[in-house]
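Worksheet for the structure shown next.
Just so it is clear, none of the values below were taken in a lab; they were calculated from the coordinates. Source: prediction; values computed, not measured. Cβ: placed from backbone, ideal geometry, glycine included. Neighbour counts: every protein chain shown.
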Amino acid sequence: MKSDYGVPYVLPYQQAALADTPLLVVTGEALLYGWNVINNVAAVSYVQIFNAAAAGDVTLGATAPTYVIGNLASSVTDRGQHRPLYFSLGIVIASTTTSTGSTAASQDVSLDYA
């Protein structure tokens, strides 16, 4: 959806305790403008972001993520994109202990997308 000026409305998405179950954020074309990730564990953790139309389209450890956010132990990663990341099918996310793995890591995630 776009504003009267042709600029997309940026929408927030929040998920507390994201883990190893892929979650659908939005289906269809989307732009990812930024994120805030709070790592709840005392180890490095990752948020895997997939270009997928449904959570069922992602098999952790087998489906390659489109983008990965690394987060240091017990820390916060906050970033805004000057040029948003484009997803043609939709956005699916999961939190794991490795960048392409399938073991759960609890993180709180906020995304800004349009």
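Checked across region 52-63, the condition of being touching a Ser or Thr at 6+ places or on another chain (Cβ under 6 Å) and under 22 Å from Pro12 (Cβ atoms) holds for at least one residue. As a summary of the residue check, Gln48 satisfies the conditions (1) of a type in the set (S, T, N, Q); (2) surrounded by fewer than 20 Cβ atoms within 10 Å (Cβ to Cβ); (3) within 21 Å of Pro12 (Cα to Cα) except for the one numbered (2).
Among strands (runs of 3 or more DSSP E) entirely within region 31-114, having at least 1 residues that are more than 12 Å from the chain's Cα centre (by Cα) and either over 12 Å from Asp20 (Cα atoms) or without any contact (Cβ under 8 Å) to a residue 12 or more places away in the chain (or both) singles out 67-71, 76-87. Of the numbered criteria (1) at positive phi; (2) not in a strand (DSSP E or B), the one Ala17 fails is (2). Scoring Leu24 on the criteria (1) touching a helix residue (DSSP H, G or I) at 6+ places or on another chain (Cβ under 6 Å); (2) assigned to a loop (DSSP other than H, G, I, E, B) leaves a single failure, condition (2).
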